Amino acid sequence: MTIDPRYSVFLAMFLAAISFLAGASATLVDTGMDPVTVKHIVAWIIIFNGLGNAINAVLAAIPSRAGAGNQFWLGPKQDNK
């Protein structure tokens, strides 16, 4: 099975934006938002970011072209006998 590496790149860009939002949302307290609401926002962003990074790690381990399976962790292994 091969997978287009663009999926991993797009996911990485999305996760970078989410990481930015996690840091930036901490300043929402200064705008008058309830601190408990801000904590919930940050917590959900961190959860989605962690799950997304786990998925992205698996995507990076799947071969992106046919015949390159032995170069990736999740690719089929060839017997060296």
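The values are calculated or read from the model by the stated rules, or taken from the named source; none is laboratory data. All values reported here derive from a predicted model rather than from experimental measurement. Counting neighbours? That spans all protein chains shown, and the Cβs are built from the backbone with ideal geometry, glycine included.
For the reader, a short list of remarks on this structure follows.
- Qualifying residue in the range 32-55 (condition: in contact (Cβ under 8 Å) with a residue 40 or more places away in the chain, out of contact with any Pro (no Cβ under 9 Å at 6 or more places or on another chain) and not basic (Lys, Arg)): yes
- Pairs linking a residue in the range 1-12 that is modelled with pLDDT under 75 to a residue that is surrounded by 14 or more Cβ atoms within 10 Å (Cβ to Cβ) and not hydrophobic (A, V, I, L, M, F, W, C), with Cβ atoms under 8 Å and 6 or more positions apart or on different chains, are 1/63; 2/63; 2/64; 3/63; 3/64; 4/64; 5/64.
- Count of the range 22-81 residues, restricted to those that are modelled with pLDDT under 80, surrounded by fewer than 11 Cβ atoms within 10 Å (Cβ to Cβ) and either farther than 23 Å from residue 10 by Cβ or of a type in the set (Lys, Arg) (or both), is 11.
Table: residues versus (1) of a type in the set (S, T, N, Q); (2) touching a helix residue (DSSP H, G or I) at 6+ places or on another chain (Cβ under 8 Å); (3) in a helix (DSSP H, G or I).
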residue	(1), (2), (3)
6	no, no, yes
19	yes, yes, yes
22	no, yes, yes
44	no, no, yes
47	no, no, yes
53	yes, yes, yes
